[in-house]
Amino acid sequence: MILCGSPHPVFDRKTSIVSKYISELDDCEKLFIPMHDECPGHWYLCVIDFKNSYTQILDSLRSKNRDKFQFQSVKTVVEFCQTFFKLYDIGKDVFQFSIDWAPSIPTQENGWDCGVHVIRHMQRFKNGDPMTSFDFCNSMKIRREIACDLVLHEGNREKQTIVAIVCTKTSTRVMKKLLL
């Protein structure tokens, strides 16, 4: 990134990524931050809720022996966010927010669906919808829904190309099975 006199080399108002989204942070009610724990190779979610002034950790495969590490990781990310907000005069003060685990969330039944759970938590949590085990009962279906949402999203500039490739390489019978 180009420095252009920025007090911190990572943050610069002239960088396209920062300037593109900086104004949206003022009105942001929740910030979703997917977190990765290298040790077990596991994803969990940090949610900073500006409206209700708290930070939550959502972990579908919570392990008491990783609590301290995850808590510290989330705290570090929150501190980084606070530094960012201060640098850009964004009226958010997350230092005073409590950090705690979400009281009850569905747990994953295997060792590989943590990413699916993180995405589903973001989808449900952003609308304030309660999360139930039913929301996660068919991870293969959820994976297909996520893939379809990504491919068919109006902002996906490669949508037509991907759909054309899938259609030419997939029989009608297989296509119907994929969509069901």
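The values are calculated or read from the model by the stated rules, or taken from the named source; none is laboratory data. Being a predicted model, the structure only gives us computed values, none of them experimental. Positions of Cβ are backbone-derived with ideal geometry, glycine not excepted, and every protein chain shown enters the neighbour counts. In case anyone asks, the SASA skips ligands and DNA or RNA and just uses the protein heavy atoms, side chains included. Shrake-Rupley method; radii C 1.70, N 1.55, O 1.52, S 1.80 Å.
Remarks
- Pair list, Cβ < 8 Å and 6+ apart or interchain, from the range 60-72 residues that are among the aliphatic types (A, V, I, L, M) to residues that are assigned to a loop (DSSP other than H, G, I, E, B): Leu61/Thr107; Leu61/Gln108; Leu61/Gly111
- Counting only residues that are outside any helix (DSSP H, G or I) and modelled with pLDDT of 85 or more, the range 122-180 holds 6 of them.
- Verdict on Ile99 being modelled with pLDDT of 85 or more, of a type in the set (Val, Ile, Thr) and open to solvent by 40 Å² or more (accessible area, probe 1.4 Å): no
- Filter result (closer than 20 Å to Gly41 by Cβ and either under 19 Å from the mean Cα position of the chain (by Cα) or loosely packed, with under 14 Cβ neighbours inside 10 Å (or both)) within the range 66-96: Asp67, Lys68, Phe69, Gln70, Phe71, Gln72, Ser73, Val74, Thr76, Val77
- All positions within the range 39-57 that are of a type in the set (A, V, I, L, M) and surrounded by 21 or more Cβ atoms within 10 Å (Cβ to Cβ): Leu45, Ile48
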